[in-house]
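The values are calculated or read from the model by the stated rules, or taken from the named source; none is laboratory data. From a predicted model like this one, the values you see are computed outputs, not experimental measurements. No Cβ is skipped: glycine too gets one built from the backbone with ideal geometry, and neighbour counts run over all protein chains shown.
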Amino acid sequence: MREIEAHESKLYSDLAPLYDKTFGKIFYARLRSVIEALDIPRGARVLEVGAGTGTSFPAYPRHCEVVGIDLAPDMLARAQEKILENEWHHIRVLEMNALDLKFPDNNFDYVMAFHVVTVVPDPVKLIEEAKRVCKPGGKIVVVNHFTSTSPVLGFLTEALDPVTRYLGWSTKLKMKPFIEEAHLNIDEVYKLSKLSLHSVLIGTNDKSTDH
Ligand SMILES: C[S@@+](CC[C@H](N)C(=O)[O-])C[C@H]1O[C@@H](n2cnc3c(N)ncnc32)[C@H](O)[C@@H]1O
């Protein structure tokens, strides 16, 4: 039998209404601090790939223009409800594959990927597409968990991959090889707290590293 891909999890379809009550609640504070720290300027164009139910949306300043894309219609339906309820005229959502973006090159000042690089089957392709649609000198911002560098913890978390994939994410992505393979020109890598399992990666889009 074929192994389930993380993005095929029921979490993003039948169980989408549960997302905000569980993961969305946990993730919001983290995303708000990352977005606030970016100090996004007036008029900036922002793309968020794998935006889901729009967990991050309340954090974006109204003076920027945000497009959220996602593959899952059930997740996007909730995001769209929030946009209407809150009259977020600066945000719109579209159904689209992050691995095959329907935007022209050099189109956004920021491309965000929050909790999604371990959900797509090809995280390097996701970054390649992010770099393509991001303007030269624009920012690529990734927030995600990565496989622990501790041999024991790394082994244990990787062993759980078939289970977590069923739940909706992979535990098999090592940060350093990922950054190298994706040719991400990293400015900053940090964690929001010492014990956090998630890392924040901020890169400047250097088109000269494209392949
Ligand atoms: C863990 S959720 C993260 C949602 C949101 N970014 C957050 O932080 O709450 C992962 C999201 O990625 C979406 N996704 C998975 N594969 C995708 C793809 N190829 N293109 C676009 N979105 C995708 C899923 O549908 C889901 O909404």
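See the values below:
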{"read-out": "Filter result (more than 18 Å from residue 133 (Cα to Cα) and touching a strand residue (DSSP E or B) at 6+ places or on another chain (Cβ under 9 Å)) within region 63-74", "value": "72, 73"}
{"read-out": "Residue count, region 7-63 (criterion: among the acidic types (Asp, Glu) and within 22 Å of residue 192 (Cα to Cα))", "value": "4"}
{"read-out": "First in region 75-97 and farther than 23 Å from residue 126 by Cβ and away from the ligand (no atom under 13 Å from the Cβ), second anywhere and in a helix (DSSP H, G or I) and not β-branched (Val, Ile, Thr), Cβ under 9 Å, 6 or more apart", "value": "83/57; 86/57; 86/58; 88/57; 88/58; 88/82"}
{"read-out": "Residue among 102, 125 that is modelled with pLDDT of 95 or more, within 15 Å of the ligand (Cβ to nearest atom) and either polar (S, T, N, Q) or assigned to a helix (DSSP H, G or I) (or both)", "value": "125"}
{"read-out": "Total residues in region 18-46, condition within 11 Å of the ligand (Cβ to nearest atom) and surrounded by 17 or more Cβ atoms within 10 Å (Cβ to Cβ)", "value": "8"}
{"read-out": "Region 128-171, subset touching a Leu at 6+ places or on another chain (Cβ under 6 Å) and in a helix (DSSP H, G or I), residue farthest from residue 199 (Cα to Cα)", "value": "133"}
{"read-out": "Selected residue (criterion: farthest from residue 14 (Cα to Cα)) from residues of region 134-173 that are β-branched (Val, Ile, Thr) and surrounded by 12 or more Cβ atoms within 10 Å (Cβ to Cβ)", "value": "140"}
{"read-out": "Test result for residue 119, under 21 Å from residue 10 (Cα atoms), more than 8 Å from the ligand (Cβ to nearest atom) and of a type in the set (Val, Ile, Thr)", "value": "no"}
{"read-out": "Selection from region 1-15 of residues that are part of a helix (DSSP H, G or I) and more than 8 Å from the ligand (Cβ to nearest atom)", "value": "8, 10"}
